[in-house]
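The values are calculated or read from the model by the stated rules, or taken from the named source; none is laboratory data. Note that this is a predicted model, so its numbers are computed, not measured. In this analysis, Cβ positions are derived from the backbone assuming ideal geometry, glycine residues included, and neighbour counts consider all displayed protein chains. Side chains are part of the model used for accessible areas, which takes the heavy atoms of the whole protein and leaves out ligands, DNA and RNA. Shrake-Rupley method; radii C 1.70, N 1.55, O 1.52, S 1.80 Å.
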Amino acid sequence: PERYDAHAIQERWLPVWDSLAPFRSGAEGDARPKKYVLDMFPYPSGDLHMGHAEAYALGDVVARYWVQRGFDVLHPIGWDAFGLPAENAAIQRGLDPRGWTYDNIAQQRASMRRYACSFDWDRVLVTCDPQYYRWNQWLFLRMHEKGLAHRRPSLVNWCPNDQTVLANEQVVDGRCERCDTLVTKKKLTQWYLRITDYADRLLDDMAQLEGHWPDKVLSMQRNWIGRSTGADVQFRIEGREEPVPVFTTRPDTLHGATFFVVAADADLAAELAAGAPADVQQEFAAYVERVRAASDIERLATDRPKTGVFLHRWALNPATGERLPVWAADYVLADYGHGAIMAVPAHDQRDLDFARAHDLPVRVVVDVRGEDGEPLPDPAGTGVATTGDGVLVNSGPLDGMRKAEAIAAMTQLLAERGTGAAATNYRLRDWLISRQRYWGTPIPIVHCEACGEVRVPDEQLPVELPPAEGLDLTPKGTSPLGGASDWVNVDCPSCGGPALRDTDTMDTFVDSSWYFLRFCSPQRDDVPFDVAEVERWLPVAQYVGGVTHAILHLLYSRFFTKVLFDLGYVTFTEPFLRLLNQGMVLMGGSAMSKSRGNIVRLSEQLDEHGVDAVRLTMAFAGPPEDDIDWADVSPTGSAKFLARAWRLARDVTSAPGTDPRSGDQALRALTHRTLHDAAQLVEGFRFNVVVARTMELVNATRKAIDDERVGPGDAGVREAVEAVAVLLSLFAPYTAEDMWAQLGHEASVARAGWPQVDPTLLVEDTVTCVVQVQGKVRDRLEVPPGIGQDELRELALASERVQAALAGRGLRTVVVRAPKLVNIVPA
Ligand code: ANZ
Ligand code: ZN
């Protein structure tokens with residue numbers, strides 16, 4: 001063919017690849033070293049969108065690169081197929097969630113094939129398949145045996161619109177992550193996984209990930225776990241037998257505590273209020289009602305008015321014996337620390353705001369200085385708490401100590417007196433996995449009046465979902481599975497008596513917390529994963545996905561891995577060694593959304609520009625972490641470049657296998673330099689630079705031919721064009737494959753292998769640059785022939801001999817004639 005026709009090329013190669021299956025992994029006897037490259041699997045919400053197109057283009061660069069480097073690469077795909085959208089489609093449009101889900105999967109799968117994703121299609125898994133979710137149940141049972149899965153009544157986040165419980169992670173700014181409704185609280189008995197038992201390990205093992213995961217993700221995880229160290233301090237309350245503990249990060253400020261606050265919605269507040277005068281009791285009851293309606297985020301917001309009720313009760317400061325008024329307020333949370341605090345308004349901003357709102361005393365106990373060494377003004381007057389380091393004052397035995405020393409001293413003092421101890425607190429909460437929805441994994445527990453909570457025996461797994469037909473799926477606060485009476489009523493596996501199945505389903509994040517293990521042996525129906533295969537492939541060498549999963553999914557996967565390590569099923573404690581978070585694809589500066597009407601449809605882009613041009617554009621748009629604004633990029637430009645590269649392959653006339661050593665030396669040097677750098681650039685995720693360097697190689701080759709410096713039969717030209725084909729095989733697989741075939745090769749370019757780089761060709765030529773000061777030669781520098789004027793000027797001025805000749809004088813003029821001469825005239 002004479003003309004580059006992207007669509008014809010696609011038609012030509014798709015069926016060939018189907019039969020070649022160049023990305024099949026883990027074949028018996030395949031001696032290549034192993035590498036696991038994983039793209040986050042999609043939710044089958046419709047056809048692929050531009051975000052998928054970016055993620056899968058970038059993940060493919062990495063996977064295809066390692067294949068070229070001679071690795072047996074596991075690059076699997078599957079579908080995260082349970083969840084609310086399917087259920088909502090069922091409710092709103094009367095569709096069967098199963099059918100809806102599998103239809104979407106078929107569509108996405110076809111699009112991925114067309115998009116030439118280098119997936120191993122023999123390993124596909126779908127989480128709503130009973131053969132998958134039976135292992136969710138199996139894992140749940142193992143955790144139940146270890147006490148890591150348990151049920152308890154508690155206040156939970158509740159979405160009044162979806163009528164479902166939400167994990168803390170699914171509450172964003174006090175709103176439901178999915179539907180944006182304000183989240184409220186509700187008391188329910190729910191299933192939890194004890195991720196808090198793993199808080200320290202989840203934090204400490206991050207040392208393994210440092211430098212390999214984006215810093216931003218590591219710090220998000222750290223904040224989410226939220227470990228803080230300090231002390232528990234016991235406060236006696238007049239008229240109450242038991243002392244009440246508070247958690248503080250600043251035991252050093254104990255002498256500055258001027259009041260005491262109990263979370264208004266904590267049981268303790270109700271108890272203390274019960275001993276208060278009748279009018280206070282009424283005021284308190286009305287207040288609690290209002291508090292319960294608000295979300296944690298609203299309650300903690302610093303700009304929120306500090307409301308509260310004085311309970312007419314008194315706490316005793318264990319350091320001073322002073323009587324502190326006890327308040328109930330909503331800025332203290334019931335489920336953090338002990339749900340009560342000692343308030344130190346001089347040194348805590350929220351306490352200060354509260355003190356100023358309710359006329360409570362403010363006492364400075366740390367002398368904090370500004371940058372100028374002067375004491376910072378009194379917080380009582382400025383309304384700004386002083387939170388920094390300083391010297392303790394008004395604090396008895398602590399006076400004169402600095403903050404850190406005083407924290408240690410006070411902690412010890414409290415311990416000696418039996419009124420306190422060092423303590424650690426976490427923001428992390430146990431993972432609430434119960435959902436009162438249909439489209440999820442049934443919890444494999446049976447409730448029997450005689451035996452209590454009974455685990456479904458392993459051999460009875462999977463507990464399959466009953467058909468949706470006939471069930472009322474509309475949210476109502478209890479699970480739709482309760483309506484499937486044939487399914488719910490079972491014989492107790494333990495005593496054989498009448499019993500009921502648990503009707504909750506699991507949070508879908510359970511499904512994605514171990515899917516990377518299942519990919520190693522997706523067909524095994526006797527174990528969740530083949531331990532030997534997992535040993536062979538894991539940990540995942542490279543994980544690629546969106547930053548939206550920076551907390552939830554990654555934390556849960558890390559947690560599952562550690563649990564499986566403790567159970568002896570895996571030998572590693574971190575599942576993902578390296579993480580790449582790609583940016584988003586925007587349109588006109590904002591995220592694509594139906595409401596903005598700025599959605600770019602991937603299928604239309606593929607029809608218009610061809611697959612390769614779209615994929616190349618994704619890689620070329622900028623560093624992968626950055627967002628891509630589709631309005632600013634040029635798939636047309638990408639297509640033109642691809643045509644130019646393709647025409648080079650058409651024009652090569654030397655035979656395959658020609659010894660390149662007889663080729664044009666300048667072109668060869670560029671080819672080898674490009675290959676050498678490209679490898680490092682891909683490994684550092686600088687894909688856009690690799691594309692730019694490939695363009696440079698294409699242009700230089702074309703120019704060498706056009707200038708008649710070399711002929712199309714030159715072995716250096718063939719070598720350059722073959723290198724271009726291999727480089728492009730990472731970004732534009734169809735074009736690369738067609739070029740490879742035009743160059744006379746029979747096998748797929750995908751497995752051609754990275755060309756051997758000849759180190760002798762990497763040595764750059766240099767020229768000698770003379771540096772003069774006042775007309776006298778002072779130094780000679782070896783510089784690359786292509787050095788820039790500015791760079792050469794800096795180099796010359798940095799020379800020790802030149803500096804000696806200048807002897808501290810300033811510069812009048814510096815004349816630079818790159819690469820040969822620099823002439824300096826001092827002032
Ligand atoms: C006295 C104090 C003095 C505090 C001071 C701070 C500064 P993190 O870092 O988040 O762990 N606190 C404790 N329990 C709380 C609850 N349930 N709701 C709201 N606030 C609570 O912060 C711990 C600090 O937050 C604790 O230390 C306590 O205030 C407050 F100069 O105690 B501090
Ligand atoms: Zn029983």
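So here's what we get for this one:
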read-out	value
Residue in segment 476-502 that is farthest from ligand 1 (Cβ to nearest atom), counting only those that are under 22 Å from Ala89 (Cβ atoms) and surrounded by fewer than 21 Cβ atoms within 10 Å (Cβ to Cβ)	Ala484
Candidate set from segment 370-400 (those that are under 40 Å from the mean Cα position of the chain (by Cα) and away from ligand 1 (no atom under 16 Å from the Cβ)); member that is surrounded by the most Cβ atoms within 10 Å (Cβ to Cβ)	Gly370
Subset of segment 507-560 (residues that are assigned to a loop (DSSP other than H, G, I, E, B), aliphatic (A, V, I, L, M) and within 20 Å of the chain's Cα centre (by Cα))	Val510, Leu538, Ala541, Ala550, Ile551
Residue in segment 49-107 that is most open to solvent (accessible area, probe 1.4 Å), counting only those that are more than 26 Å from Lys34 (Cα to Cα) and among the charged types (D, E, K, R)	Arg93
1 or more residues within 29 Å of Leu155 (Cα to Cα) and polar (S, T, N, Q): qualifying strands (runs of 3 or more DSSP E) within segment 195-280	228-237, 244-248
Tally, over segment 111-126, of residues that are under 17 Å from Asp47 (Cα atoms) and either open to solvent by less than 40 Å² (accessible area, probe 1.4 Å) or more than 27 Å from the chain's Cα centre (by Cα) (or both)	7
Residue in segment 315-330 that is modelled with pLDDT of 95 or more, in a strand (DSSP E or B) and open to solvent by 50 Å² or more (accessible area, probe 1.4 Å) present	yes
Selection status of Asp738, open to solvent by 10 Å² or more (accessible area, probe 1.4 Å) and of a type in the set (Asp, Glu)	no
First in segment 602-613 and farther than 12 Å from Ala643 by Cα, second anywhere and charged (D, E, K, R), Cβ under 8 Å, 6 or more apart	Leu602/Asp47; Ser603/Asp47; Leu606/Arg114; Val611/Arg114
Residue check, Thr229 more than 16 Å from ligand 2 (Cβ to nearest atom) and closer than 24 Å to Asp265 by Cβ	no
From the options Ala409, Ala404, residue that is part of a helix (DSSP H, G or I) and either within 36 Å of the chain's Cα centre (by Cα) or acidic (Asp, Glu) (or both)	Ala404
Residue in segment 515-529 that is aliphatic (A, V, I, L, M), in contact with a Lys or Arg (Cβ under 8 Å, 6 or more places away or on another chain) and open to solvent by 20 Å² or more (accessible area, probe 1.4 Å) present	no
Qualifying residue in segment 367-379 (condition: in a helix (DSSP H, G or I), modelled with pLDDT of 95 or more and in contact with a helix residue (DSSP H, G or I) (Cβ under 8 Å, 6 or more places away or on another chain))	yes
Any chance His312 is modelled with pLDDT of 95 or more and more than 16 Å from ligand 1 (Cβ to nearest atom)	yes
Some residue of segment 238-261 being more than 16 Å from ligand 1 (Cβ to nearest atom) and open to solvent by less than 10 Å² (accessible area, probe 1.4 Å)	no
Subset of segment 414-464 (residues that are among the hydrophobic types (A, V, I, L, M, F, W, C), open to solvent by 10 Å² or more (accessible area, probe 1.4 Å) and within 16 Å of ligand 1 (Cβ to nearest atom))	Ala421, Ala422, Ala423
Selection within segment 680-721 - part of a loop (DSSP other than H, G, I, E, B) and either touching a residue at least 12 places away in the same chain (Cβ under 8 Å) or closer than 24 Å to Gln542 by Cα (or both)	Gly684, Phe685, Arg686, Arg709, Val710, Gly711, Pro712, Gly713, Asp714
Filter pass, Gln131 being surrounded by fewer than 16 Cβ atoms within 10 Å (Cβ to Cβ) and either free of Cβ contacts under 8 Å to residues at least 12 places away in the same chain or closer than 19 Å to Pro85 by Cβ (or both)	no
Residue pairs meeting the criteria (Cβ under 6 Å; at least 6 apart or on separate chains; first open to solvent by 90 Å² or more (accessible area, probe 1.4 Å), in segment 214-230; second part of a strand (DSSP E or B) and within 12 Å of ligand 1 (Cβ to nearest atom))	Thr229/Thr424
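Residues are listed down the side, and each one gets a yes or a no for (1) modelled with pLDDT of 95 or more; (2) under 21 Å from Gly83 (Cα atoms); (3) hydroxyl-bearing (Ser, Thr, Tyr); (4) more than 16 Å from ligand 2 (Cβ to nearest atom):
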{"site": "Cys448", "(1), (2), (3), (4)": "yes, no, no, no"}
{"site": "Gly452", "(1), (2), (3), (4)": "yes, no, no, no"}
{"site": "Val456", "(1), (2), (3), (4)": "yes, no, no, no"}
{"site": "Leu471", "(1), (2), (3), (4)": "no, yes, no, yes"}
{"site": "Leu481", "(1), (2), (3), (4)": "yes, yes, no, yes"}
{"site": "Ala484", "(1), (2), (3), (4)": "yes, yes, no, yes"}
{"site": "Gly497", "(1), (2), (3), (4)": "yes, no, no, no"}
{"site": "Arg501", "(1), (2), (3), (4)": "yes, yes, no, no"}
{"site": "Phe509", "(1), (2), (3), (4)": "yes, yes, no, yes"}
